[in-house]
1. Return the pairs, sorted by first residue and then second, in which the second residue is assigned to a loop (DSSP other than H, G, I, E, B) and surrounded by 21 or more Cβ atoms within 10 Å (Cβ to Cβ), the first residue lies in segment 84-98 and is at positive phi, the beta carbons are less than 9 Å apart, and the residues are 6+ apart or on different chains.
2. So which residues in segment 92-120 are closer than 20 Å to G134 by Cα and charged (D, E, K, R)?
3. Restricting attention to segment 126-138, and to residues there that are within 13 Å of G76 (Cα to Cα) and assigned to a loop (DSSP other than H, G, I, E, B), which single residue is nearest to the chain's Cα centre (by Cα)?
4. Among residues belonging to segment 98-120 that are surrounded by fewer than 21 Cβ atoms within 10 Å (Cβ to Cβ) and hydrophobic (A, V, I, L, M, F, W, C), point out the one that is nearest to K60 (Cα to Cα).
5. Mind listing whichever residues of segment 65-87 are of a type in the set (V, I, T) and under 10 Å from Y50 (Cβ atoms)?
6. Does F123 fit the bill of being crowded, with 16+ Cβ neighbours inside 10 Å, part of a helix (DSSP H, G or I) and either modelled with pLDDT of 95 or more or on the phi > 0 side of the Ramachandran plot (or both)?
7. Which residue, of I102, I88, I57, is among the hydrophobic types (A, V, I, L, M, F, W, C) and touching a strand residue (DSSP E or B) at 6+ places or on another chain (Cβ under 6 Å)?
8. Mind checking which residues of segment 63-91 are farther than 18 Å from R129 by Cβ, buried (at least 18 other Cβ atoms within 10 Å of the Cβ) and over 9 Å from the mean Cα position of the chain (by Cα)?
Amino acid sequence: MRYVFSQWSSAIIQRMDTFVCELQKTTYLRIDESGADARNQTEFGGTMTYIITAPCIDVKDRGCVDVCPVDCIYEGSDQLYIRPDECIDCGACVLECPVEAIFPEEEVPDRWQSFVAKNYEYFESGEEREVAKGRDED
């Protein structure tokens, strides 16, 4: 396994919350011998993402939307969803969630495992989805 240096774009850096900005503004992606991204692969074929679970149902506080540097959180009828192929795994949303509903995919509690499939199915339906608005954008 070799590591490839990658620079975040200045647009993303400008939108990051204070604690994320204090992190290095670079990230190292693991690349396998074929040149493919070798980050945690999921059973659904994508890279690891964060999953929003049951405590978010009918709450949708949207604090997570305000801190997401890449606008990968979408609003469904009953809860928010994180688009797996857009999430950069920064974890900013986890700390902002007042109901502790967001988990790394591999750490979703057993009682909420159905939300992993629900999240992927939400985006695989082929319907046009709109990025959720933040708390102050209504």
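1. D89/T49
2. E96, E100
3. A132
4. The qualifying residue nearest to K60 (Cα to Cα) is V99.
5. Of everything in segment 65-87, those that are of a type in the set (V, I, T) and under 10 Å from Y50 (Cβ atoms) turn out to be I73, I82.
6. Judged against the criteria, F123 is not a match.
7. Exactly one residue qualifies, and that residue is I102.
8. The answer is D66, V67, P69.
The values are calculated or read from the model by the stated rules, or taken from the named source; none is laboratory data. The shown structure was predicted, so the numbers you read here are calculated from the model rather than taken from an experiment. Note that we place each Cβ from the backbone using ideal geometry, even for glycine, and neighbour counts take in every protein chain shown.
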